[in-house]
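The values are calculated or read from the model by the stated rules, or taken from the named source; none is laboratory data. Worth saying up front: this structure is predicted, and the values here are computed from it rather than measured. Note that each Cβ is placed from the backbone with ideal geometry, even for glycine, and that neighbours are counted across all protein chains shown.
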Amino acid sequence: MVGFLDAITLQAGYNAALVTVGATLLGFAAGMAGTFLFLRKRALVSDAMAHATLPGIALAFLVMVAFGGDGRNLAGLLLGAAASALVGLALVDWIVRRTRLAEDAAIGAVLSVFFGFGVVLLTVIQSLERGRQAGLEDVLLGATAGMLMQDALLIAVGGAVVVALIVLLRRPMTLVAFDPGHAAALGVPVGRVDMAMMGLVMAITVIGLSLVGLILIIALLIIPPVTARFWTDRVAPMLLIAGAVGGAAGYMGAALSASIPDLPTGPMIVLIAAGLFTVSLLFAPRRGVLAAILARRRFQARVHWRQGLLSLARAEPIHDPLTLRILRAAGAIRPDGVATDKGRALAAKSLRDERRWEIARAIHQDTALTGRYDGLTPIEDVFTPDQIADLDTRIGPPQPVGGM
Amino acid sequence: MGASFVQFSLTPMLIGVLAAIACALPGNFLILRRQALIGDAISHVVLPGIVVAFLVTGTVATMPMLMGAGAAALVAVVLIEAIRRLGRIEPGAAMGVVFTALFAGGVLLLEQSDTSRVHLDVDHALMGNLETLIWLRASGWDSVIDPVALSHLPPELPRIAGVAALMAVLTVIFWRPLKLASFDEGFARAMGLPVSAIGLGLVIAAAVAAVAAFDAVGSIIVIAMFICPPATARLMTDRLTTQVWLSVAIAALAAILGYVLAGYGPIWLGFDSAVSAAGMIATVAGLMLGMACLWGGARGRVGVAPGA
């Protein structure tokens with residue numbers, strides 16, 4: 001693991017260090033940019049945009065060659081990518097607005113047709129004398145081996161600009177993402193904010209092309225926000241967590257791929273992000289699967305506890321093994337099933353509370369209060385002691401329960 | 001239209017047409033159910049499926065590959081549904097998470113394993129090899145009835161023909177439940193139809209079509225044909241029967257036009273080499289959809305004048 005240690009401390013060589021820094025910055029910016037896309041429920045628009053970059057890249061190459069350049073100028077290629085991504089995005093919007101087709105059909109049509117056309121252009125380039133070694137196929141899956149200082153600088157500067165714009169525009173973008181109608185009523189220019197949101201995503205797609213490729217950049221835009229959503233219900237923390245998840249995936253993925261041979265960087269970054277997602281899906285507090293299972297178990301235990309106590313109070317036999325186990329564990333019954341003093345007291349109280357609830361629901365018309373009756377909520381949590389005393393006067397004097 | 005046409009163009013063209021039809025048939029219902037991108041997701045996860053099948057069996061035989069791809073498609077669908085329900089994540093994002101992660105896994109496995117000696121690479125998976133599915137034993141149109149020559153047809157042709165026929169039969173058999181469940185799920189449920197089983201069955205059928213077509217023509221055509229011909233047809237008519245027939249015709253036309261343009265277009269323009277047939281078929285399908293968006297007779301939403 002010496003190689004890995006070197007890689008995560010950026011000591012594994014110039015290229016590896018560049019790739020690691022670039023991937024971290026890209027992951028951070030992509031996670032933040034993807035957050036609003038996800039909240040706007042348009043995550044897969046990034047899919048259309050990423051695939052739509054291909055014909056632009058190929059056209060840019062052809063144009064540059066036609067003007068006598070060498071065709072591999074990075075700025076030119078990225079400009080082409082951005083232009084055709086914009087055209088693709090505009091077409092998705094146009095199809096959704098002007099026809100009866102839904103957004104998913106528009107996204108699928110644009111991504112497959114643009115990509116298909118891009119492949120046609122790629123085969124044209126391959127047939128050219130100068131296109132043989134163009135290496136444009138690298139934009140599909142990314143290539144890090146030949147990463148230069150200028151690529152890293154591009155990612156750093158581009159990513160920083162994207163993050164700064166997100167911080168600046170987070171209020172209007174939040175409004176538009178959650179409730180476009182309300183945002184419009186407040187005077188927020190919804191159309192322009194949407195355009196800014198998409199523009200940021202497009203910028204990330206374009207600067208991420210050379211590093212992870214156009215298929216996997218989608219993952220960096222979608223997985224970190226979905227992961228962050230498990231940990232918070234607020235936008236600002238979600239932005240930070242999504243950025244952190246994306247950055248961590250970029251950092252770990254690049255370091256791992258630098259230290260182990262034949263481990264491609266782009267897929268590695270995506271798989272680390274997917275791993276973080278899986279952990280969050282399973283173990284996040286409140287929204288995670290484990291938390292949901294535990295909450296269910298707690299609820300189940302409360303129901304059995306309550307029903308068990310009521311059965312004790314009514315001197316009914318209890319057969320359910322789970323109920324018996326819960327009562328026994330709480331010391332309400334002895335191992336042979338006979339109620340303890342504590343159990344009898346608790347049983348009497350729950351029967352009394354049940355009676356109190358009955359009266360309360362009969363006399364109180366306020367459903368905000370009585371609506372909270374679910375057989376489990378203690379009555380003290382809903383009514384004041386005065387109100388409970390009032391209920392008690394209607395119930396009458398205490399009566400012995402359970403034939404005791 | 002002589003011997004060389006039968007040898008070099010007839011079979012790829014037929015395979016392209018049948019693949020397009022096999023995908024367009026389930027695509028009609030996917031579009032109506034707003035699940036168009038299932039095709040996209042499936043065609044991405046086919047790659048890891050094929051790689052895993054190769055690693056397990058060690059061969060590039062077709063059956064294990066198809067089964068691996070089918071299994072991957074099923075795993076993807078189950079994962080998407082699980083993430084959507086367990087994580088309460090909207091379906092689009094759940095799909096994005098699953099197919100990108102599985103695709104990344106596929107690429108990683110491909111790079112890690114020793115697959116350099118076999119023809120298995122990402123470009124191939126994306127773009128297919130339609131142009132190479134030629135029928136060398138044919139010597140002219142007579143070969144079409146010559147059993148010896150017929151036995152040397154590229155194996156992709158009978159396979160995709162079988163799948164296209166299967167899709168047609170399934171569409172006819174399940175016509176009523178599919179139609180009801182696609183247009184009005186609540187009503188279909190009230191009628192006692194097993195709505196979720198119909199949905200799952202449709203996705204599995206789509207996966208079968210995608211995997212069989214993918215084998216012959218690559219994933220670009222698969223995605224394009226799931227979506228473009230049905231969407232084009234949807235903009236031209238309000239009747240489902242007409243829509244399905246139209247989508248089949250459009251898919252076939254796009255496949256033929258695309259193949260011809262890819263093979264002969266560059267030559268007409270003075271270049272000497274052909275361009276990607278799969279890409280050109282997708283492009284033609286897209287142009288047809290574009291025309292339908294502009295002029296299709298039923299392009300507007302109900303109650304909204306077209307172009308309003």
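If I ask for residues that are within 9 Å of chain A (Cβ to nearest Cβ) and either farther than 16 Å from B:THR11 by Cα or among the basic types (Lys, Arg) (or both), which ones from region B:262-274 would you list? Walk me through how you get there before you give the answer.
Keep residues of region B:262-274 that are within 9 Å of chain A (Cβ to nearest Cβ), which gives B:262, B:266, B:271-274.
Hits for region B:262-274 are B:PRO266, B:PHE271, B:ASP272, B:SER273, B:ALA274.
What's the number of the condition A:ARG298 fails, among (1) of a type outside the set (A, V, I, L, M); (2) modelled with pLDDT under 85; (3) under 33 Å from the mean Cα position of the chain (by Cα)?
(2) is the only condition that A:ARG298 fails.
I'd like to verify a number: residues in region A:96-110 that are more than 7 Å from chain B (Cβ to nearest Cβ) and either closer than 18 Å to B:ALA254 by Cβ or crowded, with 24+ Cβ neighbours inside 10 Å (or both), how many? Give the steps one after another, and end with the answer.
The first filter runs over region A:96-110 and keeps only residues more than 7 Å from chain B (Cβ to nearest Cβ), leaving A:96-97, A:103, A:106, A:110.
If we keep only those that are either closer than 18 Å to B:ALA254 by Cβ or crowded, with 24+ Cβ neighbours inside 10 Å (or both) as well, we get A:106, A:110.
Residues in region A:96-110 being more than 7 Å from chain B (Cβ to nearest Cβ) and either closer than 18 Å to B:ALA254 by Cβ or crowded, with 24+ Cβ neighbours inside 10 Å (or both): 2 in total.
Look through A:GLY246, A:GLY208 and report the one residue that is assigned to a helix (DSSP H, G or I), at pLDDT 95 or above and closer than 27 Å to A:ALA177 by Cβ.
A:GLY246
Mind listing just one residue for me: the one in region B:47-66 that is within 13 Å of another protein chain (Cβ to nearest Cβ) and within 13 Å of B:SER219 (Cβ to Cβ) and, of those, surrounded by the most Cβ atoms within 10 Å (Cβ to Cβ)? So that I can check it myself, show each step before the final result.
Taking region B:47-66 and keeping what is within 13 Å of another protein chain (Cβ to nearest Cβ), we get B:47-48, B:51.
The next check asks that each one be within 13 Å of B:SER219 (Cβ to Cβ); those that pass are B:47-48.
On the way: B:LEU47: 28, B:PRO48: 26.
Ranking the qualifying residues of region B:47-66, first place goes to B:LEU47.
Looking for something touching a Lys or Arg at 6+ places or on another chain (Cβ under 6 Å) and modelled with pLDDT of 85 or more - is there at least one such residue anywhere in region B:253-260?
Our first condition is that a residue be touching a Lys or Arg at 6+ places or on another chain (Cβ under 6 Å); within region B:253-260, this holds for none.
For region B:253-260, residues touching a Lys or Arg at 6+ places or on another chain (Cβ under 6 Å) and modelled with pLDDT of 85 or more: absent.
For region B:191-200, which residues satisfy the criterion of being outside any helix (DSSP H, G or I) and surrounded by 13 or more Cβ atoms within 10 Å (Cβ to Cβ)? Full working, then the answer.
First pass over region B:191-200, keeping only residues outside any helix (DSSP H, G or I): B:191-194.
B:MET191, B:LEU193, B:PRO194 - these are the residues of region B:191-200 that are outside any helix (DSSP H, G or I) and surrounded by 13 or more Cβ atoms within 10 Å (Cβ to Cβ).
Does B:VAL56 meet the test of being without any contact (Cβ under 8 Å) to a residue 24 or more places away in the chain and more than 18 Å from B:ILE204 (Cβ to Cβ)? It would help to see each step written out before you state the result.
Working: without any contact (Cβ under 8 Å) to a residue 24 or more places away in the chain: yes; more than 18 Å from B:ILE204 (Cβ to Cβ): yes.
Yes; evaluated as a whole, the condition is true for this residue.
Do you know which of the residues in region B:270-290 that are free of Cβ contacts under 8 Å to residues at least 24 places away in the same chain and in a helix (DSSP H, G or I) is farthest from B:ILE256 (Cα to Cα)? First the steps, then the outcome.
Here is the first cut: in region B:270-290, the residues free of Cβ contacts under 8 Å to residues at least 24 places away in the same chain are B:270-273, B:275, B:280, B:287, B:290.
Filter again for in a helix (DSSP H, G or I), leaving B:280, B:287, B:290.
Details: B:MET280: 10, B:LEU287: 14, B:GLY290: 18 Å.
For region B:270-290, the residue satisfying everything is B:GLY290.
Which of the residues spanning region B:291-300 are more than 7 Å from chain A (Cβ to nearest Cβ) and part of a helix (DSSP H, G or I)? Show your work before the answer.
Let us first name the residues in region B:291-300 that are more than 7 Å from chain A (Cβ to nearest Cβ), namely B:291-292, B:294-298.
Listed by number, the residues that qualify are B:MET291, B:ALA292, B:LEU294, B:TRP295.
So which residues in region A:275-328 are part of a loop (DSSP other than H, G, I, E, B) and surrounded by 14 or more Cβ atoms within 10 Å (Cβ to Cβ)? Write out each step before concluding.
Our first condition is that a residue be part of a loop (DSSP other than H, G, I, E, B); within region A:275-328, this holds for A:284-288, A:314-320.
Within region A:275-328, A:ALA284, A:ARG287, A:GLY288, A:ILE318 meet the criteria.
Yes or no: region B:185-194 includes at least one residue that is within 16 Å of B:ARG34 (Cα to Cα) and either at pLDDT below 90 or touching a Gly at 6+ places or on another chain (Cβ under 9 Å) (or both). Spell out how you get there, then give the answer.
Initial filter on region B:185-194 (within 16 Å of B:ARG34 (Cα to Cα)): B:185-186.
Subset that is either at pLDDT below 90 or touching a Gly at 6+ places or on another chain (Cβ under 9 Å) (or both): B:185-186.
Within region B:185-194, one or more residues are within 16 Å of B:ARG34 (Cα to Cα) and either at pLDDT below 90 or touching a Gly at 6+ places or on another chain (Cβ under 9 Å) (or both).
Given the criterion within 12 Å of chain B (Cβ to nearest Cβ) and either within 28 Å of the chain's Cα centre (by Cα) or within 30 Å of B:GLY39 (Cα to Cα) (or both), identify the matching residue among A:GLY118, A:GLY158.
Details: A:GLY158 fails: within 12 Å of chain B (Cβ to nearest Cβ).
Sole residue among the options that is within 12 Å of chain B (Cβ to nearest Cβ) and either within 28 Å of the chain's Cα centre (by Cα) or within 30 Å of B:GLY39 (Cα to Cα) (or both): A:GLY118.
Under the condition of being crowded, with 24+ Cβ neighbours inside 10 Å and in contact with a Lys or Arg (Cβ under 9 Å, 6 or more places away or on another chain), which residue from region A:36-51 is nearest to the other protein chains (Cβ to nearest Cβ)?
The extreme case among them is A:PHE38.
Considering region B:225-240 alone, what residues qualify as being more than 20 Å from B:ARG159 (Cβ to Cβ) and surrounded by 24 or more Cβ atoms within 10 Å (Cβ to Cβ)? Working first, answer last.
We begin by selecting, within region B:225-240, every residue more than 20 Å from B:ARG159 (Cβ to Cβ); these are B:227-240.
Residues satisfying the conditions are B:ILE227, B:CYS228, B:PRO229, B:PRO230, B:ALA231, B:THR232, B:ALA233, B:ARG234, B:LEU235.
For A:ARG97, are the conditions met, namely being at pLDDT 80 or above and either of a type in the set (D, E, K, R) or not assigned by TED's automatic domain parsing to the domain that holds A:MET268 (or both)? Before the answer, list the steps.
Working: at pLDDT 80 or above: yes; either of a type in the set (D, E, K, R) or not assigned by TED's automatic domain parsing to the domain that holds A:MET268 (or both): yes.
In short, yes.
Restricted to region B:239-260, and to residues that are more than 10 Å from chain A (Cβ to nearest Cβ) and not aliphatic (A, V, I, L, M), which residue is farthest from B:LEU130 (Cα to Cα)?
Among them, the one singled out is B:ARG239.
Considering only residues of region B:152-190 that are over 14 Å from B:ALA209 (Cα atoms) and basic (Lys, Arg), which is surrounded by the fewest Cβ atoms within 10 Å (Cβ to Cβ)?
My answer is B:ARG176.
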